[in-house]
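Following: one structure in structure tokens, then a few remarks.
Nothing in this text is a laboratory measurement; each read-out follows from the coordinates by a stated rule. These figures come from a predicted structure and were not determined experimentally. Cβ coordinates were reconstructed from backbone atoms using ideal geometry, including for glycine residues, and neighbour counts include every protein chain displayed.
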Amino acid sequence: MNTIDRLVHMANHIGANIATMAGDAAPAMLAEHVEQFWDPRMKSIIISHVREGGAGLNPLPLAGLRRLAGDEIAAAPPPCRENH
Amino acid sequence: MAYTPQDDFGTPAATGEPVTLTIDGRAVTVPGGSAVMRAAAEAGISVPKLCATDMVKQFGSCRLCLVEVDGMRGTPASCTTLVAPGMTVKTQSDRLQKLRRGVMELYISDHPLDCLTCSANGDCELQDMAGAVGLRDVRYGYEGKNHLEQAKDTSNPYFDFDPTKCIVCSRCVRACDEVQGTLALTVEGSGFKSKISAGTPMDDFLSSECVSCGACVQACPTSALNEKAVTAIGKPDTVTITTCAYCGVGCTFRAETRGEQVVRMIPWKDGKANRGHSCVKGRFAWGYARHQDRITQPMIRASIHEPWREVSWTEALTHAAGEIRRIQTQYGTRAVGGITSSRCTNEETFLVQKLIRAGFGNNNVDTCARVCHSPTGYGLKTTFGTSAGTQDFDSVMDADVILLIGANPTDGHPVFASRMKKRLRQGTKLIVVDPRRIDLVRSPHIEAAHHLPLRPGTNVAVLTALAHVIVTEGLADEAFIRERCDWDEYQDWGAFVSQPERSPEATEILTGVPAADLRAAARLFATGGNGAIYYGLGVTEHSQGSSTVMAIANLAMATGNIGRPGVGVNPLRGQNNVQGACDMGSFPHELPGYRHISDDEARAQFEAEWGVALDPEPGLRIPNMLDAAVDGVFKALYVQGEDILQSDPNTKHVSAGLAAMECVIVHDIFLNETANYAHVFLPGCTFLEKNGTFTNAERRIQPVRRVMSPLNGYEDWEVTQELARALGLAWDYTHPSQIMDEIARLTPSFAGVSFARLDQEGSMQWPVNDDAPDGTPTMHIDGFVRGKGKFVVTDYVPTDEKTGPRFPLLLTTGRILSQYNVGAQTRRTENVVWHEEDRLEIHPVDAEDRGLRNGDWVRLASRAGETSLRALITDRVAPGVVYTTFHHPLTQANVVTTDYSDWATNCPEYKVTAVQISRSNGPSDWQAEYGTLSERARRIGDGAIDEAAE
């Protein structure tokens, strides 16, 4: 699997698992997940792919990544602040 | 400290209301339920004893511990006589002395008189008792019938059984029953013919069910059961308390040494994780520390095709640092990274992530938790607010129902399994959710109330079906949920799990679990009292690992089973310090203490302490490092104490990634499989050679104390510091306690931890801070760390790994008791006698379909690759499922595992691989080639570095 195929697969996999978790907020949840856990290069590659049409991405991850690509989300709500 | 035997109070501790009695004129107050023997011992009065030891229940057989009690007839045994208020006891009198001498005369009349050459000389309770009772002669003589011609059993690689020295006190039998729970030993025959037997008359210790935990050896008052090392070396003269470097139980041991030579490791009775017990690995399998394969000299090479060249530390570190900087100049700051070790100490992993963040300038740090419990971190942080289990191990003793999912503790966490078995034998009910019939499903005096043998990959469906029953049948704990959880989220979740398609009946065809069994199990868990959930990698190593963890958390919250002893969500973390490695910020997205790297406030604290700006962007996880390497943009890796080529999935991809790098630095004690692709080897040291701390599966921080000088010259934290210095960082730690002090400054959950505190307390469970100055055995007592517990809807999403006509079976993997993970340590000990190769467990039906017999070579093939190993035909696996371990590099089980992983954390889906099996002639060609490649890669010679290659 090449890099973009792998990233598309990962995004679709995330989307399939959070679809019922977050309901209407799923695209935002996906965007936040990618923002928090993917390194800059991975984010850059997938965002470029989205801007080129996002072939292979299912609707939910496509929507979420479009949010990320558009920088429309405000700074993501702070991650759960544990007192650790 | 100088060697003294551990205190032995004779009988177990009791917990009743205080009782005051008089012993030898002294007032003594002890808990009610205590035996007189224990009361005397606690007052410093030693009553002679032979059959009693405080690790097992009293037996009253030796008749040595007789005492006189006012108002009681005769001379009762003090071990079986319980204290009573106002009781008056005399432990010494002419009458008692005469009786005791008579008992000893009988023992000694049938005992070898070779004390001076006996391996227990100076450390023998029989010898001590002869002295204590003033034995001067044996009136029976020595000409009568005796047992002095019986043959020794030397079958076990670590201890011998000499029946001539045995006094048949049955301590060993009781230890095997009550401490270990295996019941391998018995007293065969009666009267004069009584003899300790390890099973049937045909069995010796090795062939019996004995699991070599050593509890019998520890219990034995003579040298009848004694370590071979003691026989060879002699009595220890020094004791150091330290912590085991195998599994996540974190047993504490007395490392008993002579000079710097370890004689034996004795479980420490005051160890709060293990309570004086151990398994074969921690107890006996420490010889790898001095194995001939140990590499003690740094080595470098320009190309992985060249032999290694031994060099000085200065040359190796200068070369490594030079390569890292060269690569960063050429390819960018993020072209390098590192992997911390879950075997090394907290202080050492903290330094590795500090090196990467402050030295390399990025967050490309990860840990082996990636491939095991990373979903635990994600799932429990999301639902409860803390990336760790909620209880301590003692909690199991208050559980009424245990739900055990995807774990096999008798193999993976044996000392904790012994405690669980103890509780199960007290009547606690057990529900096992596992595709295999693990030992706990049916063991002596234990039978699971329910075994749900689900199809691999269907965890979430099963857990949702359990939740369906609980919610639709009105079994949820609404009061708890309203008080402690988000009620709206609960209602959304409740509506989801209540859907008909989530029911046991609807999901049976998918999961393979009969609906009636699942309903019964759900009802039992919800209504059986304190319900505790224990789980392992059968939960996490799936494409829905994180979802499964959250589904488990949902169940615990729905039934109100959080926040007190006896309940909780208990991940059985595998490695000795994998919890610690996670705590110490080994993940690419989190600083120590689980604060996200983008958290400005948290990051600023570290920047202030470290004097450098930190990258606010998450770094690469291990699988993504390998992807980036194959893409040509990730070029250097510093790997401390991990062997990703053997342990990570899809070996072909791992080797491609490693081969694509220009500088792989392996910091380890042996040349491992990953080192085949390394350019720099920095020799490491074992847990016996360093100071520091480990954190076990119950968040218990425990000291690791050095007992011998590092063979390589440095503790591992010193090596990392030297590498940091070579990179220009001004680190000046002189002792690991300083590193812990820094951790405490920067990590709120460790704020109250210090080496001094640990020396005082023995161990502490984090959080340790102003809110919990003495640590936290049980989490979430009054509220969840995140505030309200979060119910998360976890829909079942089938894995992409599908069976089909070409690959009709499902492979799942696991561990065995005697070997540990990739086997780097245990394969270099006598433990190989139990598991010299990985075997493939195949159901008889699947075997018969393919003409396979026990011991046949089998080709195991998946879409990723194939390997060959030998068959073990067993009905422990269900039809359609095969199972193997991954302890031997030449099997390379991970050649067949895939790249599929957990959606949230990329934890590999080791537990679900579609495979086909067929008869084979023997090891595959690639296995033979791999063996050759491996041999070539391990050459150490004087070959000059190829300047042209540089």
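Given labels modelled 7 Å from the Cα in the Cβ direction, how far is it in nm from B:M1 to B:E483?
4.2 nm
Evaluate the Kirkwood expression for the hydrodynamic radius of region B:810-857, namely the inverse of the mean inverse distance over all pairs of different C-alpha atoms, and round to one decimal in Å.
Numbers: mean 1/r = 0.0797 Å⁻¹.
About 12.5 Å, per the Kirkwood formula over Cα pairs.
Where does each of B:V666, B:V56 land when they are ranked from fewest to most other beta-carbon atoms within 10 angstrom?
Details: B:V666 29, B:V56 22.
Result, fewest neighbours first: B:V56, B:V666.
Can you run the Rg to Rh ratio on region B:478-536? Use alpha carbon positions and the Kirkwood inverse-distance Rh. Can you show the working numbers first?
Working: Rg = 13.7 Å, Rh = 13.4 Å.
Taking Rh as the inverse mean 1/r over Cα pairs, Rg/Rh reads 1.02.
Assuming 0.36 nm per residue, please report the length gained on full extension of the stretch B:V612 to B:S918 beyond their Cα-Cα distance. Kindly include the intermediate steps, with their values, before the conclusion.
Working: separation 306, 0.36 × 306 = 110.16 nm, distance 5.77 nm.
Roughly 104.4 nm would be gained on extension.
Can you show me the helix-derived [θ] at 222 nm for the protein assembly as shown, built from DSSP H runs with n ≥ 4 at -39,500 (n - 2.57) apiece and divided by the number of residues, rounded to the nearest 500. The partial results should precede the final answer.
Working: 33 runs with 317 residues, N = 1034.
Per the formula, -9000 deg cm²/dmol.
Hey, what D do you get for region B:543-682 in µm²/s if you plug the Kirkwood alpha-carbon radius into Stokes-Einstein at 37 °C and 0.692 mPa s?
D, rounded to a whole number, is 183 µm²/s.
Which FRET efficiency value, to the nearest 0.05, do you get for B:Q491 and B:R806 by plugging their Cβ-Cβ distance into 1/(1 + (r/R0)^6) with R0 = 35 Å? Don't jump to the answer; show the numbers that get you there.
Working: r = 45 Å, r/R0 = 1.29.
FRET efficiency, B:Q491 to B:R806: 0.20.
Provide the FRET efficiency to the nearest 0.05 for the B:A604-B:R290 pair, computing r from the beta carbons and using R0 = 56 Å.
My answer for the efficiency is 0.75.
With θ set to phi - 60°, apply the Karplus curve 6.51 cos²θ - 1.76 cosθ + 1.60 along region B:287-294 and write out the HN-Hα couplings as whole Hz, x wherever there is a Gly or Pro.
x, 4, 4, 10, 5, 5, 6, 4
Within 10 Å of each Cβ in A:5-16, how many Cβ atoms from other chains are there, averaged over the peptide?
On the way: counts 0, 5, 2, 0, 3, 5, 1, 2, 11, 2, 2, 7.
The per-residue average across the peptide is 3.
Taking neighbour counts of Cβ atoms within 10 Å as a proxy for exposure, in what order, fewest first, do B:S709, B:S341 appear? Each step should come with its number before you reach the end.
On the way: B:S709 12, B:S341 24.
Going from least to most buried by this count: B:S709, B:S341.
Just how many % of Cα pairs in region B:605-739 lie over 26 Å apart, if you round to the nearest whole percent?
On the way: 3327 of 9045 pairs.
Of all Cα-Cα pairs in region B:605-739, 37 percent lie more than 26 Å apart.
Put +1 on the Cβ of each Lys and Arg and -1 on the Cβ of each Asp and Glu in the protein assembly as shown; which of B:S223, B:A495, B:S212 then has its Cα farthest toward the positive end of the dipole?
Positive-end residue among those listed: B:S223.
Using every alpha carbon pair in region B:286-352, what percent of pairs falls into each 5 Å bin from 0 up to the bin containing the largest distance?
Cα pair-distance distribution for region B:286-352, in percent: 3, 13, 13, 18, 25, 18, 6, 3, 1.
Kirkwood Rh over alpha-carbon pairs of region B:322-427, then Stokes-Einstein at 25 °C and 0.890 mPa s: what D in µm² s⁻¹, rounded to an integer? It would help to have the intermediate numbers written out before the result.
Values: Rh = 17.2 Å.
My calculation gives 143 µm²/s for D.
Please identify the helices of chain B, taking whole runs of DSSP H, that span at least 30 Å along their own axis as judged from the Cα atoms and have a mean Kyte-Doolittle score of 0.5 or higher.
Values: long enough: none.
Membrane-span-like by this criterion, though nothing is claimed about a membrane: none.
So what is the orientation-averaged projected area of chain B, using the convex hull of its C-alpha atoms, in nm²? Intermediate results must be reported in sequence, preceding the final value.
Numbers: hull surface 160.7 nm².
Computed as one quarter of the Cα hull surface, the answer is 40.2 nm².
Where does region A:3-70 land on the Kirkwood hydrodynamic radius, alpha-carbon pairs, in angstrom? Please list the in-between numbers first.
On the way: mean 1/r = 0.0879 Å⁻¹.
One decimal place: 11.4 Å for the Kirkwood radius.
Amide H neighbours of B:V19 under 5 Å, counting only residues 5+ apart in sequence or on other chains, H built in-plane at 1.01 Å?
HN-HN under 5 Å from B:V19: B:V30, B:G32.
Local charge sum around B:I295 (other residues, Cβ-Cβ under 12 Å, Lys/Arg +1, Asp/Glu -1)? It would help to have the intermediate numbers written out before the result.
Numbers: positive: B:R294, B:R938; negative: B:D293, B:E310, B:D668.
My count for the surroundings of B:I295 gives -1.
Pull out a ≥ b ≥ c, the square roots of the eigenvalues of the alpha-carbon gyration tensor of region B:1-71, then state rounded if a/c is under 1.5, prolate if not and a/b is larger than b/c, and oblate in the remaining case.
Numbers: a/c = 1.44, a/b = 1.26, b/c = 1.15.
Rounded is the answer for region B:1-71, as its axis ratio a/c remains below 1.5.
So what are the ³J(HN,Hα) numbers for region A:33-50, from phi and the Karplus equation (6.51, -1.76, 1.60; θ = phi - 60°), rounded to whole Hz, Gly and Pro as x?
4, 5, 4, 7, 10, 9, 6, x, 5, 4, 5, 4, 5, 6, 5, 4, 5, 5
Please work out, to two decimal places, the log10 of the ratio I(q)/I(0) at q = 0.04, 0.05, 0.09 Å⁻¹ from a Debye calculation in which every Cα of the protein assembly as shown carries one identical scatterer.
So the normalised log intensities are -0.20, -0.32, -1.04.
Under a 5 Å amide H to amide H cut-off, with H placed in plane at 1.01 Å, what residues pair with B:A914 once short-range neighbours are removed?
B:L811
List the residues, sorted by chain then number, that are 5 or more residues from B:V311 or on another chain and whose placed amide H is less than 5 Å from its amide H.
B:M299, B:I300
List B:H277, B:H589 from most exposed to least, where exposure is judged by having the fewest other Cβ atoms within 10 Å.
Final ranking by Cβ density, sparse to dense: B:H589, B:H277.
With only alpha-carbon pairs counted, each pair once and no self-pairs, how large is the Kirkwood hydrodynamic radius of region B:471-606 in angstroms?
Evaluated on region B:471-606, it is 17.4 Å.
Pop the C-beta distance of B:A43 and B:D237 into the FRET formula with R0 = 22 Å and round what comes out to the nearest 0.05. Write down the numbers at each step before the final one.
Numbers: r = 29 Å, r/R0 = 1.33.
Once the sixth-power term is evaluated, E becomes 0.15.
How large is ³J(HN,Hα), in whole Hz, for each residue of region B:823-837 in order, when computed from phi with the Karplus curve 6.51 cos²θ - 1.76 cosθ + 1.60 and θ = phi - 60°, using x for Gly and Pro?
Running phi through 6.51 cos²θ - 1.76 cosθ + 1.60 with θ = phi - 60° gives x, 4, 8, 5, 5, 9, 9, 6, 4, 4, 5, 8, 8, 7, 8 Hz.
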